[in-house]
Amino acid sequence: MATAQIWLFAFGTLALLFVSALADDVVVLSEENFEKEVGQDRGALVEFYAPWCGHCKKLAPEYEKLGASFKKAKSVLIGKVVDCDEHKSLCGKYGVSGYPTIQWFPKGSLEPKKYEGQRTAEALTEFVNTEGGTNVKLATIPSSVVVLTENNFDEVVLDETKNVLVEFYAPWCGHCKNLAPIYEKVATAYKVEEDVVIANLDADKYKYLAEKYGVSGYPTLKFFPKGNKAGEDYDGGRDVDDFVTFINEKCGTSRDGKGQLTSKAGIVASLDALVKEFISASNDEKKAILSRIEAEAEKLEGSTARYGKIYLKAARSSIEKGADYAKKEMERLQRMLEKSISSAKADEFTLKKNILATFAA
């Protein structure tokens, strides 16, 4: 594997781990850590579930709200056993026979009490406060999904500068409820993309808008790209990766399901071809190719114009500072990415690393 590819792989792995750690306030439990976390000096609410379980998927956003609410409560743990199919002995030990099963383990005890209440964040919060002697209020987690109404539909959806994915849903629709946490993750992944909007409309409340766009079942997803505000049906899969693949293809973005830029972000095919000539050329030849890179970069428009400037700077610096400039600069950017930085800065540094990788190949 080439040095540049190794760097990109390492960065991608670190970024994925970092984001995964931040994305969930619920402690993930397994056979290895269960008794280290549960039955100790704090009470614990534990959800036992299976990834294929529809009721578990429906519970997921409510349970995540619960986890966020109790994140700072030192006397209470909110946990989940990721996969009872994988950890059968652990789930069997505590009498789990259906999913999801929610149990309360008092402080210092591994003798659980089964939760029989409603599966809402509000009801779970009340239960944990009662059992754990806490007084935690349910956290409000802002949504990244743009909520459409009759007042803002045209303004948002028909905006010629935006690519808009719209879910037409009904509050009573079971499939819509199952889609909700997935759709939220998609919206979060693209929240920093200024020309991509992930939105939804209560089609039961605004029936005439649903009828206007031929919606007869729920959920119905329609994509309104910049150049076609008539809307086109989204018929793809309904996992996060399915939506991400679709949006990247239609909008020219390069995000993954966690919202991180992929290794393809910032890469311009025409400039990439010139860089291949550049890195194998003599110093005199490099100067001639630099002029061609500059001319090609000047043709770029929109977001790609920004990428062109990065290519141009990298080429100039490679001539001025030597062939190992790209590798050293990638190492510096990697150190910056490992610090606590804003998402905007992370995007900026990732774009630079991706483009520099073409010079270090």
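The values are calculated or read from the model by the stated rules, or taken from the named source; none is laboratory data. Since this is a predicted model, take the numbers as computed values, not measurements. So basically every Cβ, Gly included, is an ideal-geometry build from the backbone, and we count neighbours across all protein chains shown. For the accessible areas, the whole protein counts, side chains as well, though only heavy atoms, and no ligand, DNA or RNA atoms are used. Shrake-Rupley method; radii C 1.70, N 1.55, O 1.52, S 1.80 Å.
Just one of the listed residues (128, 157, 147) is exposed (fewer than 12 other Cβ atoms within 10 Å of the Cβ), of a type outside the set (Ser, Thr, Tyr) and at pLDDT 95 or above, and it is 147. Scanning the range 218-236 for residues that are assigned to a loop (DSSP other than H, G, I, E, B) and open to solvent by 30 Å² or more (accessible area, probe 1.4 Å) yields 218, 226, 227, 228, 229, 230, 235, 236.
Can residue 262 be described as closer than 30 Å to residue 184 by Cα and in contact with a Lys or Arg (Cβ under 8 Å, 6 or more places away or on another chain)? For residue 262, the condition - closer than 30 Å to residue 184 by Cα and in contact with a Lys or Arg (Cβ under 8 Å, 6 or more places away or on another chain) - is met. When restricted to residues that are part of a helix (DSSP H, G or I) and under 17 Å from residue 344 (Cα atoms), the range 176-208 contains 3.
Checking 310, 293, 319, 279 one by one, the residue that is open to solvent by 40 Å² or more (accessible area, probe 1.4 Å), aliphatic (A, V, I, L, M) and under 36 Å from the mean Cα position of the chain (by Cα) is 279 and no other. Screening residue 131 with (1) assigned to a loop (DSSP other than H, G, I, E, B); (2) touching a Gly at 6+ places or on another chain (Cβ under 7 Å); (3) not β-branched (Val, Ile, Thr) gives one miss only, at (1). Among what's in the range 84-125 and is of a type in the set (S, T, N, Q) and out of contact with any strand residue (DSSP E or B) (no Cβ under 6 Å at 6 or more places or on another chain), pick the residue that is least open to solvent (accessible area, probe 1.4 Å). The extreme case among them is 125. Kindly indicate whether residue 138 is at negative phi, touching a residue at least 40 places away in the same chain (Cβ under 8 Å) and in the same structural domain as residue 54 (by the TED database). Taking the combined requirement at face value, the residue does not satisfy it. Out of the residues in the range 253-276 that are open to solvent by 60 Å² or more (accessible area, probe 1.4 Å) and part of a helix (DSSP H, G or I), which is nearest to residue 359 (Cα to Cα)? The qualifying residue nearest to residue 359 (Cα to Cα) is 276.
Being open to solvent by less than 60 Å² (accessible area, probe 1.4 Å) and either over 12 Å from residue 356 (Cβ atoms) or of a type in the set (Gly, Ala, Ser) (or both) is a property that residue 344 lacks.
Candidates in the range 322-334 are the residues that are under 29 Å from the mean Cα position of the chain (by Cα) and of a type in the set (D, E, K, R); of these, the one that is nearest to residue 359 (Cα to Cα) is 327.
Just one of the listed residues (64, 150) is under 30 Å from residue 203 (Cα atoms), in a helix (DSSP H, G or I) and in contact (Cβ under 8 Å) with a residue 24 or more places away in the chain, and it is 64.
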